[in-house]
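Visitor: Got a structure for you, questions after.
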Amino acid sequence: MLANRLSVLMAERQLSIKQVVQDTGLSRNTISNITNNPESNVSTETIDKLCIYFEIDPSDFFVYSPYSITLGFKNKLMLMSVMYHKKEQLYDLSPYILNNDYGYETDARLKTFDLYIFLEADTETSKVLEVYNSLPVIFKTQLTNRILKHFENSYDTTNLKIRINEYKKYDKISIYDYLTSLKKDVFTASIKLPWADLEKTVTLTQNNHLKFI
């Protein structure tokens, strides 16, 4: 994986997109795209101008990792393919979701959430963590964001079930039915990945998918 470090370079120097545009003569769209999409293609002319501007070598403009990570979806499982030195390893991230009653019993924190979303790597957790911990920070952030986006795009809340703890019986209903029963437009979610616990607000989209805010 290869990504540019423009957002990091700007943050280190406390520079805004507007300032970089003014100083380099590059378009705002170009700088915004490079900043918001670190893995996007950048022309050699643009790299040259930015390296001169920041007084750095091209090797300082980019960050590299020997891992190539692709996300997929099959039978309600999120699949994470990790390619390393021409060898591929496939990991399953199994999603399960609890409501606020059940989640409160399993969460060590005092806060409660409308949804508790778990994406577990089952018996491969240690290997997934090993891959994640070996990534530069920029790729760690990207992987987390990509998984959240993949979750948004892949799971229809009318088909994905939630475990309900009611009268000590574990019933399941669709996430859509559960969320609409709360009669709210915005919901809170605790998301547990193999490497991080996140807190997000969530809405339902028009096509009945979750949208993390």
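The values are calculated or read from the model by the stated rules, or taken from the named source; none is laboratory data. All of these numbers come straight from a predicted model, not from anything done at the bench. Quick reminder, even Gly has a Cβ in these numbers, built from the backbone with ideal geometry, and neighbours come from all protein chains shown. Calculation scope for accessible area: heavy atoms of the full protein, side chains included, ligands and nucleic acids excluded. Shrake-Rupley method; radii C 1.70, N 1.55, O 1.52, S 1.80 Å.
Visitor: Any chance you could give the angle, 0 to 90 degrees and rounded to 10, that helix 125-134 forms with the longest Cα principal axis of the chain?
Guide: 20
Visitor: Compute the signed sum of charges (Lys and Arg +1, Asp and Glu -1) over the other residues within less than 12 Å, Cβ to Cβ, of Cys51. Could the numbers behind the result be given before it?
Guide: On the way: positive: Arg5, Lys49; negative: Glu45, Asp48, Glu55, Asp57, Asp60.
My count for the surroundings of Cys51 gives -3.
Visitor: Among all stretches of the chain without exposed trypsin sites (Lys or Arg not before Pro) (DSSP loop, at most 13 other Cβ atoms within 10 Å), which one is longest?
Guide: Details: sites that count: Arg13, Lys76, Lys86, Arg109, Lys111, Lys168, Lys183, Lys184.
Segment 14-75 is the longest.
Visitor: Please find the FRET efficiency linking Ser181 to Asn145, where r is the Cβ-Cβ separation and R0 is fixed at 22 Å, and quote it to the nearest 0.05. Walk me through the numbers before you get to the answer.
Guide: Values: r = 30 Å, r/R0 = 1.35.
Once rounded, the FRET efficiency stands at 0.15.
Visitor: Rounded to the nearest 10 Å², what accessible area does Ile52 show when all protein chains are kept and the probe is 1.4 Å?
Guide: About 120 Å², rounded to the nearest 10.
Visitor: Ok, one more. Quick one: the Cα spread of the stretch 133-213 along its three principal axes, in angstroms, biggest first?
Guide: Reported extents, whole Å, longest axis first: 45, 31, 20.
Visitor: Kindly report the accessible area of the chain per residue (heavy atoms of protein chains, probe 1.4 Å, no ligands, DNA or RNA), in Å².
Guide: On the way: 12410 Å² over 213 residues.
On a per-residue basis, 58 Å².
Visitor: Give the carbon-plus-sulfur fraction of the accessible surface of the chain in %, rounded to a whole number; probe 1.4 Å, heavy atoms of protein chains only. Mind showing how you got there, number by number?
Guide: Working: 6020 of 12410 Å².
Roughly 49 percent of what the probe reaches on the chain is carbon or sulfur.
Visitor: Between the stretch 192-211 and the stretch 1-79, how far is it from one alpha carbon centroid to the other, in angstrom?
Guide: Here the answer is 26 Å between Cα centres.
Visitor: Right, next: What are the residues whose amide H is under 5 Å from the amide H of Ile173, where those residues sit 5 or more places off or on another chain and H is modelled from the backbone?
Guide: Here the answer is Ile162, Ile164, since their amide H atoms fall under 5 Å of that of Ile173.
Visitor: Over all distinct Cα pairs, what is the inverse of the mean 1/r for the chain, reported as the Kirkwood hydrodynamic radius in Å? Please report the intermediate quantities before stating the final value.
Guide: Details: mean 1/r = 0.0509 Å⁻¹.
In the chain this quantity evaluates to 19.6 Å.
Visitor: Continuing with this model, one more query. So for the stretch 47-94, what are the equivalent ellipsoid semi-axes in whole Å, largest first, each being the square root of 5 times an eigenvalue of the Cα gyration tensor?
Guide: On the way: eigenvalues 259, 32, 8 Å².
Equivalent ellipsoid semi-axes, largest first: 36, 13, 6 Å.
Visitor: Run the helix sum for the chain: -39,500 (n - 2.57) per DSSP H stretch of 4+ residues, divided by residue count, reported at 222 nm to the nearest 500 deg cm²/dmol.
Guide: Working: 9 runs with 81 residues, N = 213.
Helix contribution divided over all residues of the chain: -10500 deg cm²/dmol.
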